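Derivation of every value follows stated rules applied to the coordinates shown; laboratory data play no part. Predicted model, so just to flag it, every value in this text is computed and none were measured. Reconstructed Cβ throughout: ideal geometry from the backbone, glycine too, with neighbour counts over all protein chains shown.
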Amino acid sequence: MTDPKKPRLLRALAGETLERPPIWLMRQAGRSLPEYRALRSRAKDFIAFCHNPEMAAEATLQPMRRFPLDAAIVFADILLIPGALGQKVWFEVGEGPRLGELPDIARMAGEVEASTGRLSAIGETLERVRAELEPERALIGFAGAPWTVATYMIEGRGSDRSGARTYAYENPEKLDALLAVLVDATARYLVMQAKSGAQALKLFESWAEGLAEDVFERVVVGPHKAIVEKVRAAGVTTPFIGFPRGAGALVENYARSVPVEGVALDTQASAELGRRIQGQGKTIQGALDNLLLRAGGPAMDARVDGLLAQWGGGPYIFNLGHGVMPDTPVEHIARLVERVTGKPVRAVA
């Protein structure tokens, strides 16, 4: 018999169909909340913020205090691993991430073991959050998936990824070597997170769109499988959510091939696609448009109700198809959470 006190998110990831799905939101902690902006102003830069366990734990908990969300996700960033491997990483105000020249890949391979220790602050953040978070609310750890992280490492910034895709065709051996380093570093990082209190682990493949099927298999499916297998080999049984954003029809093969418990779907996912993946024995997550959340109103209400109806017959986690936009009104988030949970929410904390 299922323990009713077990976090709703973990019950869904174990394959249960619940009377209402758990809800959490990608980027629920961050720039849409005024208390986050006040906290962020105290840090000298974004990377320092992520490596400050006290501040990062506070950022993680802020949305949990405002809204009856079923899970918190640790406040960190997908580009912490490149920094831990020796590549310079910084954030330009108003422009996003910047990375220095790609280091020698063989040299980075020698830094993999040490890289986990350089990320120990994230483990402390998880420990702090788990100590304060109610037992019925789950805590999620995460990492950027190797291909997405590699695109930034190769191009030095966010872009349309054309440079990274060209690199994949012109330098296949170098790319495979870089992905292998990132697989190893990411697996170690996620093992550390699980041992620090993370009860679910998510792989963010933010840039999976536009890939030919053979390339998708090589740079997304293969690395994801390898990470999960390495984490399991370390004795960690924490459930995984994989998010190949933009993969379109290829997400079905991802669900079949990668041993994750949950598959996150983006905004374009059809009702039938989600049901087919549920039919494979997987839990699905998503896929409300973050721009619709920002817009709010009757259109948002109707789409929320539609998602609940089309996927609520199987294991389902309510979420967005991408992260909360910085200028999303807090009252729209409150309206969404109230509609899914049935619990009254005050928009102002």
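In segment 156-181, which residues are outside any helix (DSSP H, G or I) and either closer than 16 Å to GLY86 by Cα or under 21 Å from the mean Cα position of the chain (by Cα) (or both)?
As a first pass, look at segment 156-181 and keep what is outside any helix (DSSP H, G or I): 156-161, 171.
Result: GLY156, ARG157, GLY158, SER159, ASP160, ARG161.
Given the criterion free of Cβ contacts under 8 Å to residues at least 40 places away in the same chain, crowded, with 21+ Cβ neighbours inside 10 Å and not in a loop (DSSP other than H, G, I, E, B), identify the matching residue among ALA59, ALA12, ALA72, ALA38. It would help to see each step written out before you state the result.
Working: ALA12 fails: free of Cβ contacts under 8 Å to residues at least 40 places away in the same chain; ALA72 fails: free of Cβ contacts under 8 Å to residues at least 40 places away in the same chain; ALA38 fails: crowded, with 21+ Cβ neighbours inside 10 Å.
Just one listed residue meets the conditions, ALA59.
Select from segment 223-266 the residues that are buried (at least 17 other Cβ atoms within 10 Å of the Cβ), assigned to a loop (DSSP other than H, G, I, E, B) and at negative phi and list them in ascending order.
VAL236, THR238, PRO239, ARG245, ALA247, VAL258, VAL260, GLU261, LEU265, ASP266
Just the residues that are over 29 Å from LYS230 (Cα atoms) and in contact (Cβ under 8 Å) with a residue 60 or more places away in the chain, please, taken from segment 96-111.
GLY96, the sole residue that qualifies.
If you go through segment 112-146 one residue at a time, how many are touching a residue at least 60 places away in the same chain (Cβ under 8 Å) and more than 15 Å from PRO53 (Cβ to Cβ)?
Within segment 112-146, residues that are touching a residue at least 60 places away in the same chain (Cβ under 8 Å) and more than 15 Å from PRO53 (Cβ to Cβ) number 14.
Kindly provide the set of residues from segment 305-344 that are touching a Phe, Trp or Tyr at 6+ places or on another chain (Cβ under 8 Å), aliphatic (A, V, I, L, M), within 16 Å of ALA269 (Cα to Cα) and in contact (Cβ under 8 Å) with a residue 24 or more places away in the chain, ordered by number.
Selection gives LEU308, ILE317.
Tell me which residues, restricted to segment 182-214, are more than 15 Å from the chain's Cα centre (by Cα) and of a type in the set (Lys, Arg).
At the first step, the residues of segment 182-214 found to be more than 15 Å from the chain's Cα centre (by Cα) are 182-185, 188, 191-192, 195-197, 209-214.
Hits for segment 182-214 are ARG188, LYS195.
Would a scan of segment 90-112 turn up a residue that is part of a helix (DSSP H, G or I), among the hydrophobic types (A, V, I, L, M, F, W, C) and under 19 Å from the mean Cα position of the chain (by Cα)?
Going residue by residue through segment 90-112, those that are part of a helix (DSSP H, G or I) are 105-109, 112.
Those still in the list that are among the hydrophobic types (A, V, I, L, M, F, W, C) too: 105-106, 108-109, 112.
Among the residues that remain, those that are also under 19 Å from the mean Cα position of the chain (by Cα) are: none.
No, segment 90-112 contains no residue that is part of a helix (DSSP H, G or I), among the hydrophobic types (A, V, I, L, M, F, W, C) and under 19 Å from the mean Cα position of the chain (by Cα).
Take PRO82 and decide whether it is farther than 28 Å from VAL345 by Cβ, in contact with a Lys or Arg (Cβ under 9 Å, 6 or more places away or on another chain) and surrounded by 18 or more Cβ atoms within 10 Å (Cβ to Cβ).
Working: farther than 28 Å from VAL345 by Cβ: yes; in contact with a Lys or Arg (Cβ under 9 Å, 6 or more places away or on another chain): yes; surrounded by 18 or more Cβ atoms within 10 Å (Cβ to Cβ): yes.
Against the criterion (farther than 28 Å from VAL345 by Cβ, in contact with a Lys or Arg (Cβ under 9 Å, 6 or more places away or on another chain) and surrounded by 18 or more Cβ atoms within 10 Å (Cβ to Cβ)), PRO82 qualifies.
Restricting attention to helices (runs of 4 or more DSSP H) lying wholly within segment 286-349, give those where 3 or more residues are closer than 21 Å to ALA29 by Cα. Lay out the reasoning, then the answer.
Working: elements: 290-295, 297-311, 330-341.
Qualifying helices (runs of 4 or more DSSP H): 290-295, 330-341.
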